[in-house]
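The values are calculated or read from the model by the stated rules, or taken from the named source; none is laboratory data. These numbers come from a predicted model, not from an experiment. As a convention, Cβ positions derive from the backbone with ideal geometry for all residues, glycine included, and neighbour counts pool all protein chains shown. Note: accessible area is taken over every heavy atom of the protein model, side chains too, but ligands, DNA and RNA are not part of it. Shrake-Rupley method; radii C 1.70, N 1.55, O 1.52, S 1.80 Å.
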Amino acid sequence: MSFRSGWGGGQGPAPGLDKGVDTPMTHDVIIIGAGFGGMGAAIELKRMGRDDIVILEREEDLGGTWHVNRYPGLAVDIASVTYSYSFEPNPDWSRLYAPGSELKAYATHVAEKYDLRRHMRFGVEVTGAVWDEDTAEWVVTVAGAGAGTTEVGTLRTRYLITATGYLSQPKLPDIPGIETFAGTVIHSARWDDSAELDGRRIGIIGTGATGVQLVPELAKRAGHLTVFQRTPIWVVPKVDFPVPAWARSVFAKAPATQQAARLANSAVLEILSTVGVLNFKYGRGFNSFAALLAKAHLFSQVRDRTTRRALTPEYSFGCKRPTFSNSYFPTFGRDDVTLNTDTITEVRPEGIVTGDGTVTELDVLVLATGFSLWEKNFPAIEVIGRGGRDLGKWWRDNRFQAYEGISVPRFPNFFSLHGPYSYTGLSYFWTIEAQMVLLHRLFDEADRRGATTIEVTEEANDRFLGDVTHRLERSVFQLGSCAGSHSYYFDPHGEASILRPSSVVSARRDAHRFPLTDYAFA
Ligand code: NAP
């Protein structure tokens, strides 16, 4: 088999990869995903002196969600001082909430600075991984041009880290006739810059965080925009402004000032999340205050009572991720924008048909319909562990679970960065940095003992699952009214198992303190 020269940064054949054949070469670590999670794990392992790290990425460049998502209006919805690695502050964010392109540039900068690019292999689709009991290695199945072939090949590795993101499998709505639409269809995560939007009749399905960012931008360009809303979203004001030059200069000269801003912003988010959402039992008043703030925001921006009512959620604040925007609600005051809350029954070549048979004729259909999490993403690839345990099947037959959000019994040397109960809900960087601490401790311990396998015990996993289950009992997910929220936080068992029900401070503390005896080292 021949390899294309792109493998290994254009330096010849890919070590350890062969079509359908296991080669003697076994990597130390394979990381799947070159987004901020995968890069964080690689940075930590490199700090520990490990260098045989291969990062496999199905896209053609790094950055994960910030490489894939390029739709108009894309920006972070956590302030940029917080939505970045604490050890790599960026004094140059142009706004409090940086646009998506700056996140992509930041990811590139991090990859260059921490010498990650030479570990990355782009255009490689990983389809599965199987634990080989005899050799105590993972056998990883790959395909794709970046692997030098479109046929299947295998790689072997001692440790396997999946960093495949929570929101990485775009969801196409299951609406009858959608494939018959004669105009242009664009999913938000597959944005097509060449699509003609100016003066067109545009329809958008979806009013999640993506829809909220896209709607004002589409309205600026459309001849007429129709927003198809199934479930309204809680929207709170976005306190956003360009970061003045003097502040950037202060951040550059005295990084401690940016760290202070980061801590202040994180503290506000932490209070909102832990009091109003995770401890809803005691923080109902706080939760109601957040809902009131969002309603006041709506009231101040939308004069029409019927429109206001249509835009007001009926589920509790926090059941699904709320969003921030100052430009979303005013869009519905425009004459060339229609909010349509009727049920979509079908799509025809000329447009969308809603409940009463009305056809809205469209030239462009934008799908801001989110991502398949539970159908395709837990896990994103087939993972077969010790004794043939199939991770996806096991999670579905039992409950979604992972010790510290990262480890699963019978999956030795396997770490799922985006596993159940991993995400602390605020800036994703808090999550990955806690995971970096955890990985450091585990790899350190394995090295100290001369062990070749690290595996969480069943007892520790059960204890962790019991603990998060108990903590969720006081959350808005169990005590609030979440029934009509259509929230992707809830798994097929009806449990809000994406979020780790703890503050970011305690998640980080746990990463530093969990007993190493919770793992078997052999
Ligand atoms: P989402 O929150 O899952 O929203 C998808 C939207 O599409 C919902 O309004 C949903 O309605 C609607 N939808 C899906 N299928 C439909 C159908 N068949 N018929 C009618 N409506 C349908 O996805 P998202 O907006 O892409 O956001 C996902 C997450 O990405 C966010 O929660 C956030 O964490 C992240 N995000 C972050 C940023 C940022 O930081 N800048 C920006 C965008 C997104 P229902 O609610 O009724 O299901």
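Site pair residue 221 and residue 117 shows an inter-label distance of 2.9 nm when each label is modelled 7 Å from Cα along Cα→Cβ. For the pair residue 60 and residue 190 in one chain, pulling the backbone fully straight at 0.36 nm per residue adds 45.5 nm over the alpha carbon distance. Rg/Rh for the chain stands at 0.97; both radii use Cα atoms, and Rh follows the Kirkwood definition. For residue 382 and residue 70, a Förster radius of 22 Å and the Cβ-Cβ distance give a FRET efficiency of 0.15, rounded to the nearest 0.05. Taking the average, over residues, of other Cβ atoms within 10 Å as the packing measure, peptides 255-267, 48-60 rank 48-60, 255-267 from highest down.
Computed from the C-beta positions of residue 314 and residue 457, the FRET efficiency with R₀ = 60 Å rounds to 0.85.
By definition, a body whose alpha carbon gyration tensor gives a ≥ b ≥ c is prolate when a/c is 1.5 or more and a/b is larger than b/c, and the stretch 461-522 fits this prolate description.
Here the peptides 357-369, 203-215, 158-170 are ranked by packing, the mean other Cβ count within 10 Å, and the order with the highest first is 203-215, 158-170, 357-369.
With only Cα atoms counted, the stretch 198-294 has Rg and Dmax values of 18.9, 51 Å. Size descriptors for the stretch 189-241, from the alpha-carbon set: Rg then Dmax equal 12.2, 32 Å.
Here the stretch 357-503 is treated as an ellipsoid with the same Cα gyration tensor; its semi-axes, largest first and in whole Å, are 33, 18, 16. Of the accessible area of the chain, computed with a 1.4 Å probe over protein heavy atoms only, carbon and sulfur atoms account for 53 percent. Here the Kirkwood formula, the inverse mean of 1/r across different C-alpha pairs, assigns the stretch 323-430 a hydrodynamic radius of 18.2 Å. Ignoring aspartates and glutamates fewer than eight residues from residue 281 along the same chain, the ones with Cα atoms less than 14 angstrom from its Cα are 473.
Considering every Cα-Cα pair within the stretch 409-482, what fraction, in whole percent, is farther apart than 17 Å? Tail of P(r) above 17 Å: 59 percent of Cα pairs. As a size descriptor, the averaged projected area of the C-alpha convex hull of the stretch 29-188 was calculated at 12.3 nm². For residue 226, nonlocal amide neighbours, meaning residues 5 or more places apart or on other chains whose placed amide H falls under 5 Å from its own, are 202, 203, 204, 338. Each DSSP beta bridge with both residues in the chain is either parallel or antiparallel, and the antiparallel ones are about 45%. Helix 100-113 and the longest principal axis of the Cα set of the chain meet at an angle near 20°.
Along the positive direction of the dipole of the stretch 24-73 (beta-carbon charges: Lys, Arg +1; Asp, Glu -1; about the Cα centre), which of 42, 72, 27 reaches farthest? Going by the Cα projections, it comes out as 72. For the Cα trace of the stretch 123-274, dividing Rg by the Kirkwood Rh returns an Rg/Rh value of 1.09.
Residue 104 contributes about 40 Å² of solvent-accessible surface, heavy atoms of the protein only, 1.4 Å probe. Taking every protein chain into account, the accessible area of the stretch 122-270 amounts to 42 square angstrom per residue (probe 1.4 Å). In the context of the full protein assembly, residue 376 retains an accessible surface of approximately 110 Å², using a probe radius of 1.4 Å and ignoring ligands and nucleic acids. For 350, 44, the ranking by accessible surface with the largest value first comes to 350, 44, using a 1.4 Å probe.
Taking all protein chains into account, the per residue accessible area for the stretch 371-522 stands at 36 Å² (1.4 Å probe). Overall, the stretch 411-492 carries a charge dipole of about 200 debye about its Cα centre when +1 sits on the Cβ of Lys and Arg and -1 on the Cβ of Asp and Glu, all other atoms neutral.
Compared with the alpha-carbon gap, the fully stretched path from residue 493 to residue 284 is longer by 72.7 nm at 0.36 nm per residue. Listed by chain and number, the aspartates and glutamates whose C-alpha is less than 18 Å from the C-alpha of residue 220, apart from same-chain residues fewer than 8 away, are 192, 193, 196, 198, 335, 336, 363. The peptide list 458-469, 489-500, put in order of mean Cβ contacts within 10 Å with the highest first, becomes 489-500, 458-469.
Checking every one of the GluC sites (Glu not before Pro) in the stretch 143-216 against DSSP loop status and a limit of 15 other Cβ atoms within 10 Å picks out 196. Against the main long axis of the alpha-carbon atoms of the chain, helix 255-273 sits at an angle near 70°. Each part gets one Cα centre, and for the stretch 137-212 versus the stretch 433-477 those centres are 31 Å apart.
Cross-link reach is defined here as a Cα-Cα straight distance under 23 Å, omitting same-chain residues fewer than 8 places apart; for residue 171 the lysines meeting it are 104, 320, 376, 393. Normalised by the number of residues in the chain, the average gap of Cα pairs under 8 Å and 6 or more apart makes the relative contact order 18 percent. Summary value for the stretch 197-289: 20 percent relative contact order, contacts being C-alpha pairs under 8 angstrom separated by 6+ residues.
Treating the beta-carbon of each Lys and Arg as +1 and of each Asp and Glu as -1, no other charges, what is the dipole magnitude of the chain about its Cα centre, to the nearest 20 debye? The dipole of the chain has a size of about 1620 debye.
Relative to the dominant Cα principal axis of the chain, helix 504-513 is inclined by about 10°.
Estimated from helices alone, the mean residue ellipticity of the chain at 222 nm is -9500 deg cm²/dmol (sum of -39500 (n - 2.57) over DSSP H runs with n ≥ 4, per residue).
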